[in-house]
Each structure stands twice: as structure tokens, then as C-alpha cells.
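First comes the structure, then the notes that go with it.
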Amino acid sequence: MISLLATRLTSVVLVMLVVSGLSFCVFNFLGDPVNNILGVNATLEQREELRVALGLDQTTIVQFWRFVERAAVGDFGVSYRNRQPVIDLMLVRLPATLELVLTATLTALLIGIPMGIYTALRPKGLLSRIVQLVSLLGISMPQFLIGMLLILIFSVELRWLSAFGRGETVRIGWWTTGLLTVSGLKALIMPTITLAVFQISMIMRLVRGEMLEVFRADFIKFARARGLSDRAVYLTHALRNSLLPVITVVGLQIGSLIAFAIVVEAVFQWPGMGLLILQAIEFADFPVMSAYLAFVGFSFVMINLIVDLTYLLVDPRMRVK
Amino acid sequence: MKRYLKVLLLASCAALATGVAHANTLRFAEAQEISSMDPHAAREDFTLSLLANVYEGLVRWNADLKIEPALAESWEALSDTKWKFNLRKNVKFHNGNPFTADDVIFSFTRAGSPGSPFAGLLEPIKEITKIDDHTIEMTLKRKYALLLNDFAGWYILDKEFQESVGAEKPIDLSTTTGGAMTTQGVGTGPFKLSERQPDIRTVFVKNPDWWDKPQHNIDEIVYTPITNAATRVAALLSGEVDFIRNAPSQDIARIESTPGMKIMRAPHLRNIFFGMDQQSAELEGSGVKGNPLADVRVRKAIYQAIDIEGIKRSIMRDNSRPTAVPLAPELPFYDASLDERFPFDIEASKKLLEEAGYKDGFTLPMDCPAGSFINDERICQAVVGMIAKVGIKAQLNMHTPVQFDTELPAGKYAFYMLGWAGLPTIDAYNIMSATFHTPTGDLGAWNPKGYSNKHVDELIEKIGTEYEPAKRQEMISEAVKTHRDEVGKIMLHQQFLTWGMSDKVNAIVPADEYTRFWYYTMK
Amino acid sequence: MINGNAAAAERREPSVPVLDVRDLRIEFPIREKALVAIDGVSFSIGHGEILGVVGESGAGKSLTGSALIGLLQAPGHIAAGTIHLSGQRIDNLPETEQRRLRGKRIGAIFQDPLTSLDPLFTVGRQLTETIHTHFPSMSRADAKGRAMQLLAEVGIADPATRFDQYPHQFSGGMRQRIVIALALAGEPELIIADEPTTALDVSIQAQILALLKRLARTRDTAIMLVTHDMGVIAEVADRVAVMYAGRLVEIGPVEDIVRRPNHPYTVGLMASIPPLHRQPERLAQISGSMPRLGSWPTGCSFHPRCPHAGPRCEVSTPLLMPAGATAAACFLHQGGTAL
């Protein structure tokens, strides 16, 4: 356990280094932010001065090393676009993304798992077939389309929900939450659905597949032979055994949700990290981009760690030795 | 429980109703975000166009894009290089501080300091001296014709406020750890900042102590950046915002057909054209010897192969005006007699190519931005098809705006789409010096390896220093005509601004795309 | 628990066998056709008696076991015949009633102890869960006590520690003991043990068989022991039923079946018992192999492989008739000739 943590922590550092190193290589192809800062009327001399001042005239390796040096002491620089320290910017945007990703994950689990169980138990029922069909749609429909469709229905036609933003937020320390106000909760509805649709479908299909697999296992047959009720057989034994792979996939999915959130945040103008990175890419806001990518690397390793720890919790076989 | 809810609901409805009754709130959405409340931090049109409501310069552009006095009441040229400005009295900053000559000098030093994006703008000024609290004298390094134009975009800050928040200098991105003016700022303008959450919401309220007599009746402006165009349109249609700039072409009909919504159209200063490498000896990747683009006949052949009316009709949906010169009619010194295109004529085009020795055509590397200009990608694709008919095989490369704006001035493109509005100077000189002039020193930055004519270069330099309007007109017309006849650029069209808004809003749509809210009224 | 025993005692009447199967027929409807998997099987098991059911895999042994505990895999179903448990007919009970029998009156033990236990729960939890299912009013503490008692009874040392351990912490033989403890949790009258020792080492096999034998004697439980291993049968069974291609071909006391088999198939089967209790690779004495379900021949299913087969065997099916000390389904013993 301790050694697991130790190896993971070293891998955090490694992954973050590799990811941000790669990002620095990509920067060269993006263009540079000088135009966005100085405007089109700047002279060549002014452009060059700014490039030197920002260190953009240096080689990728030198730029990367400077970034690492500063990042090591927690200094990620200043956003070219917002003129704010990157750390402040990220901290302001983090709660919005985390709240969105977590509600979407929760929604996906709360809908996906029961639907998966249902369709596994009644594979030939009409409802199961409908659910299966809808889930196929959920997997194949682009999020952008889902989001725009929701906006057209619920904002433009019905005028029930706001097409953009996070509603009213409440500050708790540095954390801003939209979970404590009516408008904040309402604002969460459409982005959450958009982000969760794919996950719901995927988790449902996964749970269904795993359950059907587990149903064939000897211990399920034996559990029934022991006289256990269907409820105990399906919900205690079959479900718990089905959830092992689900945990892995859901863990990885939370990571990809952070990535998927970029699209959803752009559609709903959700002021989170996804929107931030999108704006940063458009502006060639390198400090924000490298910090964001380092953050994503960090999250992925952390999520993996949490998945591993959850495994320990759920599967006693992993605990030995 | 239910009853309580009802009471609560009624109460909040009442509050909302009364709130609406005595406040005109203009809710505005655009793709970009105000980059900073510091008007010296970035020379970027969108930010400056919003900050124009908070800060003011010595002069300002009025509704008709004419220069009018603002913080300077009057001025006179004492000599070719010495000006005197009489500053307006009884002007107060939003924090109550009086506006004086010290603030002008402070703002000059601040915006002109090395590393500031405005250093170039203020470069012609040698020094500013204070005569008294409301009089200053300005010495120029050389004769310069566009001082007032530039001053409209140079905003005056309160010295005392800037020093109190530690923002004596515009933020230096390479060293500083933060900007005091990200979320605060004090000007003299018709509106003052009341709330700012970067990337979420910025609120301006009416400045009741404004020195000018307000023509507007707006109490509050709520600005929300909405990056995604479709969402922005949806927000307008759903009544969540009252006003969006730049309604996308494909949504214009929908907005106009929605009850209570309208589109306000006006020509934009920006003209779209193709720039070309006319200097290189060889055109890389063309498959032919030499550089076809260096031959005026080839340039003209491409020009005449483009069905500009077709582009206007089917891509721009009539929201454009085909042009022959890069100056918009809304710009001073525009000469309508020059604005006549070479006709769209495939046969003439083929003949020109044959004369130039490119009967079998050639391959043309073509670079376009995706998202810089209205329908840029679709126009470029259409042009690829059009010039294919005369045998020119274009290889189209699309770029993100930021990549495009980096690679174009570096001379990486041979044939590229570009648009120029001449902001913030609003004068022919800006357009010509950036896109006509042979690239040398500060001039011709956006004409890499492009059009080059010594005589035109000389004219441009003179246009920059000539004060006499008649003489300027003559030189500008001559330069524009020469450039047109030599097909220095392949002109396309002038973009139209299409602003979508609620019927409640009565806006002005100026050709420079600035949102001058002090002219807006709401029903 | 006490009530359970009392009820079991009440049901016990010397003349009524614990299990009585009559003319059992199991069909699998497949593509508008019904495949007959079990045909006309009849047998009974008395108190404390171990009936060994032998045959090659696919003969229908396990299917019969599944039918008895009501766990036939759909679309398989009982098409004809009756099953009585201590005089009560159970084959036509609704699913909820049948479930009440499972684990409670009929215990089951499956082949692979490694996969019979849920890997994610402690053996204690699986035991108390089963006990609570059958004795809902029992307190937590009593259930735990009962579980430990069961663990001790099946020969698990240190039940208190073992109670909180997970299946993977036990050896194969130990796990099969736990499976047996689980099968005993409801105090069943009948235990169906389907290949209980096949997956185990030879030395462990003997221990498990001894345990089963002891349970049958001490608890007076009827055990149906399904196996293809004649060695196992010879060691523990009181009587033996031989199955071939869905039919019972011979049944009788273990000594007679082993020493004086009457059916040609049994004869072949007995010849294959290896000196040590090793599992035969295949039936060396009988050429060919058992046909697969669906391609069973007409008449006596065994006739293609039978050294004594005559024309009659190809057209009509012999019934199970007394033949010496056993009963066999073969024309050789019915009218003396297969010709």
C-alpha cells in the first residue's frame, strides 16, 4: 500500500514532466501570442522585444527547462490572455469543471448501473430493447449536437433553462459552488446531461455485459442452489462481481470526462478548465496551456491511484501480500 | 411549505418586476472576453471597443466616425512638431478625483513605456509638458499627420488611482505575478465598472457624473462572453441577452424572422483580399519555373477568374460589397471613382494566362485562416474551385487564426487571405503602410515578399506626414490607383457588420465595430 | 435450526424414500423441435443412502441433478414424469416454492470449489447469508455460531479465524469443505453432489468422500453423488445408477454393479476402473464414444458401440427390468437374446 503510493507519486512527477514537455514541443506549431498581445500594428522590433521578454526566442528545451524550474516552486507564470497568474486562474476555474464532471459521473452511475442491471435481467423485455437502442444513440451522437439540441428545446423554445453560464454561485473559501443556489442547480442540468449521455450508455452496456458474463459463473449457480433470493443473487453477488471492471472503466472515464468537458463547456459557456484551455489555445496562451496539461497529467495519475485503491477495497484478492 | 414557496415566489417576482421597471439593463454577449480592465495592456480591438465606454482619450470618434473633442476641449498646432491642448475642466474620474494635466502626462509615460503595446502608437511624441492644470504642450519627434487619430485610442488614466493600486505600469507578462487591473479600473467615461468576474460576467453602470450630456438611457450593461456562436445566437433568441455583435451568416434569417428581434447591418471598415508573394524568384510547389505571381498578368488572371458576385450571393448572403480597392467608403479619403473591379471573365483570364506563358496552369499553394474573417474558410474553398476552371490548381491549407497571424508576417505564405480595417487609426495611411509598402523597418509588416513599388512607397511615407487634406487626397488616390492597376492584391469584398439584437435596443453600428453605448437607447 | 430438524424428522417415514424420481423426461425445444435430453429416468434414494450416478459426460447426470433442484437452464424443462421429495411432489411447484426448497431441503455441491464461492465475500458472510435465508428469525449471533459449528463439522480447523477469511485464502480441498458446509446450512434431507471431487488432488478426494460418507451416516441425509469416476463410486456409494445418452441403463447395489454388471455398457465401464483411483482417460474397453445430444440413435442408444447388439436393438428401446441383483435396460437380459 505504502509502496503503491510511493510509486504512484513518482509517476505523477514523471507523467507531468512528460506531458508538459510534449506540450512545449506542440507550441512551436501553434503560432505565437505576440500578435494577440501587441495588436497587428506593432512593429517588427516590438514583436521581437516581446518575444525575447517572454523567452519565446529560446529553443524548446530551454523554454521547457525554465517552465520546469518555475513550476517546481509553484510559479506557472502569467496568462497572456487574462493577465492573471495562471495558478489563480486555474483555481477559479477548477470548481466549475469538477462540479460538472462529478455530477455527470454521479448521474451516469445512478442511471447507467440500474439500467445495466435491468437490461441484463430482462434482456428480451421491450423496455430493455428501447433502452439498448437509445444507448446506441447516446454512444454515437456527438456531444456538441446533444448540447445544441438541448439548448434549442429548453432555452430557445421552452425558455426553462439558461443557454449559458453557471448561474449564481456561492463562495466557500476559494471554492465557488453552483450547488447551493436554484439557478446554479438549474444551470447544471443541461451540461450534466450532455456530458453524461455517453457515460450513461457506456456504463449501462458495460454493466449489462459484465452481469451477463457473471451470471454464467459457477458461484452464481451455487448461490441460487443455496436458495438465496434473486435479489441477493443479482444485487449482492452478481452486481458486486460485475463492478470490478466497471470501476476501472469509470475511473478512466472520469479522466476523459475532463477532456470531454472541453466541448460541453464551450457549448454552454461553462466557466471551467475546458473553456479556459480552449480560449488559451486560440490565444496561444502558453503558460495556461502548459499548466493545464500538467494538471491533466496529474489528474490521470491520481484517478488511476484512486481506481487502484478502490480495487483494494472491493476485491479482497488484491489485498494479499 | 407550499404556501411559503408561493409567498417567496410572489415576492421575488415583485422584486424582479420593479427591478425591470426603473432600470434599463443592456445584456450583451460576444465571443471574446475583455482581456483586462487596463486600457494600456493590449492593443486588441474588442477590449478597446468595450473599454471606450469606461475610459476616454483626449479626442474620440463620434457616431459618424469623425474626430471630436473629448478630454481635450480644443487644440492647435503651434508648429509642424509642436501642439497645444486645452484640457476639459470639471471632469471627474469614477473615483471622484479631478482630471488634470498630470493624468495626461502620467498616461503618456505609462502607455509609452518600453514593453507597453502602446509604445509604438505614442512613439512620434517626444515629450509632453504641463503649462497649467488644464493646458499641455506636446513636442513631436517629426511631422506626423495622424496624431489625433491615434489619440482617440489612447486612454487617460487617473494617476493617483493607478499609484494607489500599484499599477503605474502596464502589466509585464514576462515578470509580474499579477495584474491589479484585471478586475478594477477607473476612467472618466460614460459608464463605470461595477462588477467583474473574468470570463463570466462584467457589469458596467451609468456614470451619473459624466461631463458630457448623455444621449443614452442605459443604466447598466451586463457583458457575458459566449464563445460558441450557436449558443450565443440561442441566448439572443431565448431572450437571455439583448444584443450580440456579429450574428453568424447562417443565423441571420432566423433572427430576423423571430418576433421582437432584428439585425442591424452596416458596412465594416474591413476589406478582404488575397495577398501574394511577388518577390521570390521561384514559387515553391508551383510545378513551373519562375514565380507566376510576379507577373501582373497572372495576378489579374486569378482576379478575373473569381466570381465575386457569386461569393456575395451564395456565401455572404448579400452581406458584403465587392470592392476594387482596400479602402472602405467609410474611411476618410476614399475615392469612389477608383472602386471599380476588373470584370469576372473566364475567357479573359485564360487569355492572360496564355499570354504569360501559363497556358497549362500551375499549382498554387494557398493559405487561409479559419475563423478570422466572415466565412473565410468557405470563401477560400470556393476560390479554389473557381480558379481551377482556368487551370490553376490551388492547394489549400487552413490555419488557426493565431498560427496564421504568426506565419503570415514571417513570410511563410505565397498566396493568402487577409483582411484589413485600418484600426484604430481609421485612416488610409494605416492600411497602406501595413499592406502596400515594401517591407522595411516598421512598414509593410503585413506585406511580406509582397507588392513593391518605389513610387508608392514614397507616396505612403509622405501621406504619413502631410497635414494638408487636399494634398493627402491626391497622393492617396494615386497610390491606391497604381496598386489597383498593378494588382498588388486580389481584392474580394468589404464585410458587412450584422448585429443581432432585441427590438428594445436601438444601437448605432459604426464601421469600426466599436460598441459606443453612450449612443444606445432602450425601450 | 431445532425447528428445522424437527420438521425433517416429522417428514421422515420409513416407507417413503427421500427422493423418488419417476419417468423423468427433460426436453430442450430448439428450432421448433424438442430435443430429449433425459428420457424415462426413474430412481429413488433413501435416508442416509448414497446413490452414485455414473456415466460419461453428456449422459445427462448433471442435468438430472439440476432438474432436482429446479435449476434447469432455460429453455430446458421437465416435459414428463414426477419428482417426489419425502413424499411431496416438487417438480410442478411454482418458482418461489421451488426456491424455498433449494438449499433448505435440497443441498447442492458443485464440481469446482474454486469457482463455487463468491470471491468478494468472506466465507463467514456467505455462510450466515445462507443460514439467514433459510432461518430468517435467527439472530446474528446465533447464525454466526451456527456457521462456525458447520465449519467445524466439515473439518475446518480454527473456524473463528477462518470465518473472516476470503475464499482465495483457502486451499481447494478446504474450499470444497466450505461448499459442503454451505450445502448443509439449511439442514437438507437431500444433497446433490455433482462431481464434488473431480477438481481435487487424489489425496484430498479421499478426505472429501469420507466427509460425505460420514455426513450421510450421521445426519441420515440422502446423497445423490454424480460422477464419471467409477473409483469414487466404488468407494462411497451404496447403490449405483448408470446413465447413457439420457437414459438409465442399469441400477443396483454397488457390489453387484461393480462385480456382476449386467448391461454391456456397465461391463465396459467397470473394466475401465484403474487400480488406483485414477480417472480414466476414456473407456478403453468400449470402442467409439457416446453420441452427442440430438444425434442419439433409435432403439437402444448404446447399440452402435455394443458388442452384443442385434437388429432388435436398432428399432426398439429396452426398458429397465430386473436382471440378477440389479435392473438393466438390455434385451440380453429380457428374453435372453438381442437377435
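Count the lysine pairs in segment B:319-462 whose Cα atoms lie under 13 Å apart, taking only pairs 8 or more positions apart in sequence or on different chains.
Numbers: B:K350/B:K359; B:K350/B:K389; B:K351/B:K359; B:K351/B:K389; B:K359/B:K389; B:K359/B:K393; B:K412/B:K449; B:K454/B:K462.
For segment B:319-462, the number of qualifying lysine pairs is 8.
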- First obtain the Kirkwood hydrodynamic radius of chain C from its Cα pairs, then insert it into the Stokes-Einstein equation at 10 °C and 1.306 mPa s, and state the resulting D in µm² per second as a whole number. 76
- Prolate/oblate/rounded label for segment B:68-154 (Cα gyration tensor, a/c 1.5): oblate
- Choice from A:D57, A:D88, A:D218 showing the highest fluctuation, given a GNM over chain A with Cα pairs closer than 10 Å: A:D218
- For segment C:41-50, Karplus-derived ³J(HN,Hα) couplings (6.51, -1.76, 1.60; θ = phi - 60°; whole Hz; x for glycine and proline) come out as 8, 9, 6, 9, 10, x, 4, x, 9, 10
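Which of C:R305, A:R129, C:R177, B:R142 comes first, and how do the rest follow, when ranked by fewest Cβ neighbours within 10 Å?
Working: C:R305 19, A:R129 13, C:R177 24, B:R142 10.
In increasing order of surrounding Cβ atoms, one gets B:R142, A:R129, C:R305, C:R177.
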- Answer in debye to the nearest 20: the dipole magnitude of segment A:1-110 about its Cα centre, from +1 Lys/Arg and -1 Asp/Glu charges placed on Cβ, is 260
- Mean separation of Cα contacts under 8 Å (at least 6 apart) over the residue count of segment B:67-205, i.e. the relative contact order in percent, is 22
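What stretch of chain A, leaving out the sites themselves, is the longest with no chymotrypsin sites (Phe, Trp or Tyr not before Pro) in a DSSP loop having at most 12 other Cβ atoms within 10 Å?
A:1-159
Which shape class applies to chain B: rounded if a/c is under 1.5, otherwise prolate when a/b exceeds b/c and oblate if not, where a ≥ b ≥ c are the square roots of the Cα gyration tensor eigenvalues? Before the final figure, lay out the partial values.
Working: a/c = 2.17, a/b = 1.34, b/c = 1.62.
Verdict is oblate for chain B.
What is the sum of charges, Lys and Arg at +1 and Asp and Glu at -1, for the other residues whose Cβ falls under 11 Å from the Cβ of B:L443?
Numbers: positive: none; negative: B:D442, B:D457, B:E461.
Surrounding charge for B:L443 is -3.
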- Charge dipole (the protein assembly as shown, unit charges on Cβ, about Cα centre) - positive-most of B:L283, A:M302, C:P253: C:P253
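Please find the FRET efficiency linking C:E95 to A:L136, where r is the Cβ-Cβ separation and R0 is fixed at 30 Å, and quote it to the nearest 0.05. Please list the in-between numbers first.
Values: r = 33 Å, r/R0 = 1.09.
Rounded to the nearest 0.05, the efficiency is 0.35.
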- Task: Hey, can you grab everything whose amide H is under 5 Å from the amide H of C:I109? Only 5+ residues off in sequence or another chain; H modelled, so Pro and N-termini drop out.
- Result: C:I192, C:A193, C:D194
- Message: Under the rule of at least 5 residues apart or a separate chain, name every residue whose amide H is placed under 5 Å from the amide H of B:H493.
- Response: B:I272, B:T323
- Note on the structure: Note to self, chain B gives a 222 nm [θ] from helices alone (DSSP H runs n ≥ 4, -39500 (n - 2.57) apiece, / all residues, nearest 500) of -8000 deg cm²/dmol
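Net charge near A:P95, counting Lys/Arg +1 and Asp/Glu -1 over other residues with Cβ under 11 Å of its Cβ? Write down the numbers at each step before the final one.
Details: positive: A:R93, A:R166, A:R171; negative: A:E99.
Residues near A:P95 contribute +2 overall.
Just add up the charged neighbours of B:T25: K/R +1, D/E -1, any other residue whose Cβ is under 13 Å from the Cβ of B:T25.
On the way: positive: B:R27, B:R201, B:K206, B:K504, B:K523; negative: B:E195, B:D219, B:E220, B:E240, B:D242.
Computed value for this residue: 0.
Sort C:T115, C:T82 so the one with the fewest other Cβ atoms within 10 Å of its own Cβ comes first.
Numbers: C:T115 18, C:T82 15.
Least to most surrounded, the residues fall as C:T82, C:T115.
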- Please determine, in degrees from 0 to 90 and to the nearest 10, the orientation of helix A:44-54 with respect to the longest principal axis defined by the Cα atoms of chain A, where the helix direction is its Cα long axis. 50
- Any idea which of B:P365, B:L122, B:L293 is furthest toward the positive side of the dipole for chain B, if Lys and Arg beta-carbons carry +1 and Asp and Glu beta-carbons -1? B:P365
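Within chain B, which complete DSSP H helices have Cα atoms spanning at least 20 Å along the helix axis and a mean Kyte-Doolittle hydropathy of 1.0 or higher? Display every interim value, and only then the final one.
On the way: long enough: B:2-21 (28 Å, 1.17); B:469-485 (24 Å, -1.35).
Those that clear 20 Å and a mean of 1.0 are B:2-21.
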- Message: Suppose we keep just the alpha-carbon trace of segment A:57-182; what are its Rg and Dmax in angstrom?
- Response: 21.8, 66
- Query: Anyone know which of C:M224, C:M290, C:M138 comes out most mobile in the 10 Å Cα GNM of chain C?
  - Reply: C:M138
- Under 16 Å from the A:L121 label point (7 Å along Cα→beta-carbon), backbone N, segment A:285-321: none
- Task: Note down the magnitude of the dipole of chain A about its Cα centre, charges +1 on Lys and Arg C-beta and -1 on Asp and Glu C-beta and zero elsewhere, to the nearest 20 debye.
- Result: 1680
- Note on the structure: Result for chain C, cysteines with no Cys Cβ partner under 4.7 Å, is C:C306, C:C330
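Okay, helix-only estimate at 222 nm for chain C: each DSSP H run of n ≥ 4 adds -39500 (n - 2.57), divide by all residues, round to 500 deg cm²/dmol; what do you get?
Numbers: 13 runs with 116 residues, N = 339.
After summing the helix terms and dividing by the residues of chain C, the value is -9500 deg cm²/dmol.
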- Under-5 Å amide H pairs with B:L71, H placed in peptide plane, nonlocal only: B:G57, B:L58, B:V59
- What spacing in nm lies between the two simple spin-label points modelled at B:N86 and A:V314, each 7 Å away from Cα in the Cβ direction? 8.2
- With point charges of +1 on the Cβ of Lys and Arg and -1 on the Cβ of Asp and Glu, referenced to the Cα centre of the protein assembly as shown, which listed residue (B:I431, B:F273, C:F121) lies farthest in the positive direction of the dipole? C:F121
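Per residue and in Å³, how big is the convex hull formed by the alpha-carbon atoms of the protein assembly as shown?
Details: hull volume 295.3 nm³, N = 1183.
With only Cα atoms used, the protein assembly as shown gives 250 Å³ per residue.
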- Please identify, among A:R166, A:R51, A:R208, the residue showing maximal mean-square fluctuation in a Gaussian network model of chain A using a 10 angstrom Cα cutoff. A:R51
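Rounding to the nearest 20 debye, state how big the charge dipole of segment A:123-222 is about its Cα centre with +1 on each Lys and Arg Cβ and -1 on each Asp and Glu Cβ. Let's see the in-between values first.
Values: 10 positive and 5 negative charges, 29 e Å.
Once rounded to the nearest 20, the dipole reads 140 debye.
Laboratory data are not the source of any read-out in this text; all were calculated from the coordinates shown. Bear in mind the structure is a predicted one, so any value in this text is a computation, not a measurement. As a convention, Cβ positions derive from the backbone with ideal geometry for all residues, glycine included, and neighbour counts pool all protein chains shown.
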